[in-house]
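Values quoted throughout were computed directly from the atomic coordinates according to the rules given, and no laboratory measurement underlies them. In this text, all values refer to a predicted model and were calculated from it rather than measured experimentally. So basically every Cβ, Gly included, is an ideal-geometry build from the backbone, and we count neighbours across all protein chains shown.
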Amino acid sequence: MEEIKFISADQVGRVLTYALLNKAVERGLALFSQNKNCGQEDGRISKLDQPVRTVVSVPSKKASLVSMPVYIEADQLLVTKLVTFFPKNESVPKHNAIIAVFNANTGVPRAFLDGETITIRRTAAASVVATQFLDGETITIRRTAAASVVATQHLANGQPTVLAILGSGVQAASHYEAFCETFGTLQQVRVWNHKPEGAKEFASKDERRHNCVACESVEDAVRDADVIVTVTSSSSPIVMTQWVKPGAHINAVGACRLEWAEIDPNLMRSAIVYVDSREGALQESGDLFLSKAEVYAEIGDVVNGTKTAHRDKTTVFKSLGMAVEDAVAAKIVLDGLGL
Ligand SMILES: NC(=O)C1=CN([C@@H]2O[C@H](COP(=O)(O)OP(=O)(O)OC[C@H]3O[C@@H](n4cnc5c(N)ncnc54)[C@H](O)[C@@H]3O)[C@@H](O)[C@H]2O)C=CC1
Ligand SMILES: O=C([O-])C1=[NH+]CCC1
């Protein structure tokens, strides 16, 4: 029996570089849209199966448990993520995730990606099955930023010099890191938070953030910005149409519930809107549901060249997150650790 390996968030962090992740997520998004568009009506067996995720509510906490399975034939990946969102958490993270990787030939568990919970229980499981435990939350944090990077690479109007980040939490930090690593042209990163001390703390956190300025209003942050990232827990719009430069690109990452929004509905309707999954977005995005804005394309369609990248127009990438992104990230970790 194989020895059980426990892989910490630190180990995941070391091998899951944005250089690898950006490429892998781009390919994953493309495979996802390509598979749908080649259709299954011709009797072919699905090459990538990713149903719309299921959401279980915990009403007393306004919380949810989301399950996200995917099969990717090309990579022989059979993976599912379970992620919780408890927005009222204070002393522990609001999002927590575990990822299970199965052998795609036999269905035998190959690896279990988790932060704390699974590690604590590993002793009991050790004698039962040869399984590895990895961190799932780091993957969510980084692959979400990588998806925004990919959308920006395809939709931004030229090389961005000014980036605005709205929110100063976990995703704000990963987006800052991913964008600064990927776009060497960035000169200024403006950060806004609904609690001003959050933005100030973010901007001064370490000396590598020398290009980062805290802004007192959303308007100050987004005016003239080439790229805007919204990573807040806001349930009502914070970005107004008149503040946004025509031709800017917006990655709308928060508001992952039908009754929540981050973007002015007028802006949603006037921009060209791209999504990760059309079905997922229509089921979960309040920015789309409340504004009745039209979805122009999936970002994977743009990568595949079947839909136009309207770089000269104001564009919104409405990101909700997909299992295919987690699966390709998990593969990088397993390959990187030689497992
Ligand atoms: N699209 C995707 O794939 C993913 C989306 N998300 C979403 O991204 C958003 C940010 O996630 P994290 O950074 O992990 O959360 P976080 O809790 O670390 O950060 C949330 C930020 O929003 C701010 N905030 C809270 N209430 C606000 C309000 N009423 N108005 C404006 N700002 C407010 C907080 O001060 C904080 O800066 C969440 O909405 C989350 O659900 C998270 C993971 C994946
Ligand atoms: O894809 C994901 O993991 C999530 N999307 C919204 C919250 C977590």
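Miscellaneous remarks
- Cα gyration tensor, segment 265-314 - rounded (a/c under 1.5), prolate or oblate: oblate
- Summarising the label geometry, the points placed 7 Å from Cα in the beta-carbon direction at ASN89 and VAL108 lie 3.3 nm from one another.
- Karplus-derived 3J(HN,Hα), 6.51/-1.76/1.60, for each residue of segment 198-205, Hz, glycine and proline x: x, 5, 5, 4, 4, 5, 10, 4
- A simple rule links phi to the HN-Hα coupling: the Karplus curve 6.51 cos²θ - 1.76 cosθ + 1.60 with θ = phi - 60°, which for segment 51-57 gives x, 4, 5, 9, 10, 9, 9 Hz, with x for Gly and Pro.
- Backbone HN-Hα couplings from phi across segment 97-106 [Karplus 6.51/-1.76/1.60, Hz, Gly and Pro as x]: 8, 10, 10, 10, 10, 10, 5, 6, 8, 10
- Inverse mean reciprocal Cα-Cα distance (Kirkwood Rh) of the chain, Å: 20.4 Å
- Distant-in-sequence amide H partners of ASN251 (H built 1.01 Å from N, under 5 Å): ILE228, VAL229, THR230, PHE317
- Dipole in debye (nearest 20) - the chain, about Cα centre, beta carbon charges: Lys, Arg +1; Asp, Glu -1: 220 debye
- Mean Cβ count within 10 Å, highest first, over the residues of peptides 180-191, 142-153, 48-59: 142-153, 180-191, 48-59
- Net length gained if the chain between VAL58 and GLN76 were fully extended (0.36 nm per residue, minus Cα distance): 3.1 nm
- Global geometry of segment 157-220, whether rounded, prolate or oblate, following the gyration tensor of its Cα atoms and the 1.5 cut on a/c: prolate
- Anisotropy class of segment 191-339 from Cα gyration tensor, a/c 1.5 cut: oblate
- The charge dipole of segment 148-237, taken about the Cα centre with unit charges on the Cβ atoms of Lys, Arg (+1) and Asp, Glu (-1), comes to about 80 debye, rounded to the nearest 20.
- Spatially proximal lysines relative to LYS94 (Cα-Cα < 22 Å; intrachain offsets below 8 disregarded): LYS61, LYS62, LYS81, LYS195, LYS200, LYS205, LYS318
- Taking Cα centre as origin and charging only the Cβ of basic (Lys, Arg, +1) and acidic (Asp, Glu, -1) residues, the dipole magnitude of segment 191-339 rounds to 200 debye.
- Listed residues VAL302, SER57, VAL83: farthest to the positive end of the dipole of the chain (Cβ charges): SER57
- Residues with amide H under 5 Å from that of ASP224, placed H, sequence gap 5 or more: LYS245
- In a fully extended conformation the segment linking LYS47 and SER204 would gain 51.9 nm over its present Cα-Cα distance, using 0.36 nm per residue.
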